[in-house]
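The values are calculated or read from the model by the stated rules, or taken from the named source; none is laboratory data. Note that the coordinates shown come from a computational prediction; the quantities given were computed from them, not determined experimentally. Methodologically, a virtual Cβ is constructed for each residue, glycine included, from the backbone with ideal geometry; neighbour enumeration extends over all protein chains shown.
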Amino acid sequence: MSVNFGDTLKLIRKSKNMTQLDVANNITTPAFISKIESNSSIPNAEMFYRILCRLHVSPEEFFVVNGIAYKNEDKYFFDNIDKLISSGNLYGLRNLHIEEDKKNCSDDDEKTRKFRKIILNISKSNLQGSGAQIQDVTPVFEYLINVESWGEYELLLYDHIQAALNTENLELLLHACMSKSNEYWLLDDSNQLMARLLLNTAKIFLLRESNEWAEKALASARPFTLKLDVSILSVEYNFLKGAILVKKGLDGRKIIRESIMVLEYFEDEFHVSQFIDYLKQLKLKY
């Protein structure tokens with residue numbers, strides 16, 4: 001869980017024996033620094049970077065202190081999960097589960113350990129084709145709903161449990177995602193994760209015939225995909241846009257075909273296969 005943005009700024013400023021006037025000099029006013037530290041204001045991106053330069057702190061260091069950037073151990077875990085899922089390595093997931101069981105965790109780490117087991121169970125169920133049950137993810141869902149703000153760790157939790165949520169709870173977490181993670185968006189590399197998880201949300205809603213919410217998720221993803229260079233995520237955005245149009249009875253097949261043609265041009269057989277499989281699940285012809 002991340003602490004408040006202003007609390008982090010105040011903590012770093014005091015650790016460097018600087019006054020609010022020292023930080024504000026030629027950037028803004030001490031009064032505005034005070035407002036930031038009391039969590040009544042948030043600086044824009046330009047001012048945020050200027051303040052960090054004055055403090056001699058990088059954005060990455062700031063967000064690690066804040067708790068918005070996840071720790072190396074968490075990064076290793078989530079990266080490992082994603083690699084094993086993408087390669088269909090059920091044996092690897094089972095071994096990772098065994099490794100987690102062997103760890104000696106302090107009471108402070110007990111929640112993290114519990115969440116990891118839930119995510120591993122969901123991942124194994126999905127690879128086995130049995131799906132995930134809502135009771136398996138309730139502790140993580142309750143944590144994400146109740147935590148004050150979301151950082152990278154919370155966003156990754158959401159991304160890894162969303163397929164196991166019922167539609168009503170997925171709607172609630174999509175709203176929480178957009179309202180609680182705005183501080184994380186200041187990070188330079190936030191666009192990739194935000195685009196990916198919101199596109200995943202749109203795909204889940206579309207499979208459940210919840211077209212209105214699929215549109216909301218896709219609209220939320222748009223600002224992040226626009227900031228990315230041409231990538232699989234920007235192609236996937238257009239692909240889903242076409243699929244939603246078709247589901248609404250409109251002409252979106254041309255957009256779908258063009259998206260697949262882009263992947264074929266770059267000889268990306270893996271994602272072509274994924275897109276076609278998804279269309280089969282939607283029972284859509286293109």
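Assorted remarks:
- Condition met for residue 234 (of a type in the set (S, T, N, Q) and under 23 Å from the mean Cα position of the chain (by Cα)): yes
- Of all the numbered requirements in (1) farther than 19 Å from residue 163 by Cα; (2) loosely packed, with under 12 Cβ neighbours inside 10 Å, residue 280 misses one, and that requirement is (1).
- Any hit, segment 70-78, residues being out of contact with any strand residue (DSSP E or B) (no Cβ under 9 Å at 6 or more places or on another chain), over 24 Å from residue 184 (Cα atoms), charged (D, E, K, R) and at pLDDT below 90: no
- Any chance residue 9 is among the hydrophobic types (A, V, I, L, M, F, W, C), crowded, with 17+ Cβ neighbours inside 10 Å and touching an Asp or Glu at 6+ places or on another chain (Cβ under 9 Å): yes
- Considering the conditions (1) outside the structural domain of residue 74 (by TED's automatic domain parsing); (2) touching a residue at least 12 places away in the same chain (Cβ under 8 Å); (3) farther than 30 Å from residue 6 by Cα; (4) hydroxyl-bearing (Ser, Thr, Tyr), residue 167 is excluded by exactly one of them, (1).
- Residue 246 vs. criteria surrounded by fewer than 22 Cβ atoms within 10 Å (Cβ to Cβ) and either closer than 14 Å to residue 150 by Cβ or modelled with pLDDT of 95 or more (or both): yes
- Scanning segment 141-154 for any residue that is of a type in the set (Gly, Ala, Ser), under 20 Å from the mean Cα position of the chain (by Cα) and at pLDDT below 85 turns up nothing.
- Single residue of segment 12-43 satisfying the filter (polar (S, T, N, Q) and outside any loop (DSSP other than H, G, I, E, B)) that is surrounded by the fewest Cβ atoms within 10 Å (Cβ to Cβ): 15
- Screening segment 16-25 for residues that are in contact with a helix residue (DSSP H, G or I) (Cβ under 9 Å, 6 or more places away or on another chain) and of a type in the set (S, T, N, Q) and picking the one that is nearest to residue 53 (Cα to Cα) gives 25.
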